[in-house]
1. Under 9 Å between Cβ atoms, at least 6 apart or on separate chains: pull out the pairs that start in region 190-207 with a residue that is over 14 Å from Ala230 (Cβ atoms) and end on any residue that is loosely packed, with under 13 Cβ neighbours inside 10 Å.
2. How about region 33-52: which of its residues are at negative phi and in a loop (DSSP other than H, G, I, E, B)?
3. Taking only pairs six or more apart or across chains, which ones have beta-carbon atoms under 7 Å, a first residue in region 145-163 that is in the same structural domain as Thr24 (by TED's automatic domain parsing), and a second residue that is of a type in the set (A, V, I, L, M, F, W, C) and assigned to a loop (DSSP other than H, G, I, E, B)?
4. Just the residues that are in contact with a Phe, Trp or Tyr (Cβ under 8 Å, 6 or more places away or on another chain) and not in a strand (DSSP E or B), please, taken from region 1-32.
5. Just checking, which of Gln27, Gln63 is of a type in the set (S, T, N, Q), modelled with pLDDT of 95 or more and over 27 Å from Ala136 (Cα atoms)?
6. Only one of Gly169, Gly143 is under 30 Å from Met85 (Cβ atoms) and modelled with pLDDT under 95. Can you tell me which?
7. Going by what's in this entry, would Ile185 be described as touching a residue at least 40 places away in the same chain (Cβ under 8 Å), of a type in the set (A, V, I, L, M, F, W, C), more than 28 Å from Lys36 (Cα to Cα) and not in a strand (DSSP E or B)?
8. Testing Val40 on (1) over 23 Å from Gly169 (Cβ atoms); (2) surrounded by 18 or more Cβ atoms within 10 Å (Cβ to Cβ), one condition comes back false. Which one is that?
Amino acid sequence: MNQTKTAAIIVIGDEILSGRTLDTNTQTIARMLGDKGIGVVQVRVIPDVIDTIVDTVNSVRPQVDYVFTTGGIGPTHDDKTAEAMAKAFGVALERNADAWARLVVHYAGVENINDGRAKMADIPQGATLINNPVSAAPGFRLGNVHVMAGVPKIMQAMMEGILPTLEGGAIVHSRSVLGEVAESILAKGLGAIEAAYAGISVGSYPKFTPNMKPSTTIVVRGTDGASVDAALENVAKLMREAGAEPAYL
């Protein structure tokens, strides 16, 4: 069986760190990659600072099969990702002829391209463009790093184009069960269940019901579907033994 491939996500943007903008891209990317057997193993959220972007990208990219960045490739002065990527890879930032041609078509002529729009055609030398079917301005790929827009609709369209080019691995199956029981009551048994199945992870996520009763969602993950199912049944049994009727999610 193929091993699961690994990925890291780097979310770039002061607006994310300030709390003004909600990051939904991480969830979207993780789900899309998971369906192809590519597991996200780390997520970084960093500001629009060139040296920070450079250091983060160069730290992360040797650790995983794929890196995906979002944000910072727009037309404004604070969009610094393209410049930072050129610096990270030690190449020049140049006006890309293909990217420029796409913008000319999208904006119906050179006369409609101001300096901000033109900036979106500046791409690190040697990069491969990532198609943007929504607003034309492309993302790009350098090595194993995929640089995408931060706007969720555009990012998702870019990801849909990227996915067929990626080598996937073993699909991670995930199943969940919920019970009105405190996770502390289940803790010892959950550890035993995880130990009994090689390659299986068991996650525990507590919360309170609207009437303030403790409840716990248990998520079982693994690349072997039969083992995931068997482990989940043992979790359900554990809940019943604790006096809670399990609800499969």
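1. Ser204/Ala187; Pro206/Ser184
2. We begin by selecting, within region 33-52, every residue at negative phi; these are 33-36, 38-52.
Once the filter is applied, which keeps residues that are at negative phi and in a loop (DSSP other than H, G, I, E, B), region 33-52 yields Asp35, Lys36, Pro47, Asp48, Val49.
3. Here the result reads Val147/Ile73; Ala149/Ile73; Lys153/Val134; Ile154/Val134; Met155/Ala149; Ala157/Val134; Met158/Ala149, each pair linking region 145-163 to a residue that is of a type in the set (A, V, I, L, M, F, W, C) and assigned to a loop (DSSP other than H, G, I, E, B).
4. Step one: filter region 1-32 for residues in contact with a Phe, Trp or Tyr (Cβ under 8 Å, 6 or more places away or on another chain), giving 5-10, 29.
Within region 1-32, Ile29 is the sole residue that qualifies.
5. Details: Gln27 fails: over 27 Å from Ala136 (Cα atoms).
Gln63 is the lone residue from the list that is of a type in the set (S, T, N, Q), modelled with pLDDT of 95 or more and over 27 Å from Ala136 (Cα atoms).
6. Working: Gly143 fails: modelled with pLDDT under 95.
Sole residue among the options that is under 30 Å from Met85 (Cβ atoms) and modelled with pLDDT under 95: Gly169.
7. Working: touching a residue at least 40 places away in the same chain (Cβ under 8 Å): yes; of a type in the set (A, V, I, L, M, F, W, C): yes; more than 28 Å from Lys36 (Cα to Cα): yes; not in a strand (DSSP E or B): yes.
So Ile185 passes the test.
8. (1)
The values are calculated or read from the model by the stated rules, or taken from the named source; none is laboratory data. Keep in mind it's a predicted model, so treat the numbers as computed, not measured. So basically every Cβ, Gly included, is an ideal-geometry build from the backbone, and we count neighbours across all protein chains shown.
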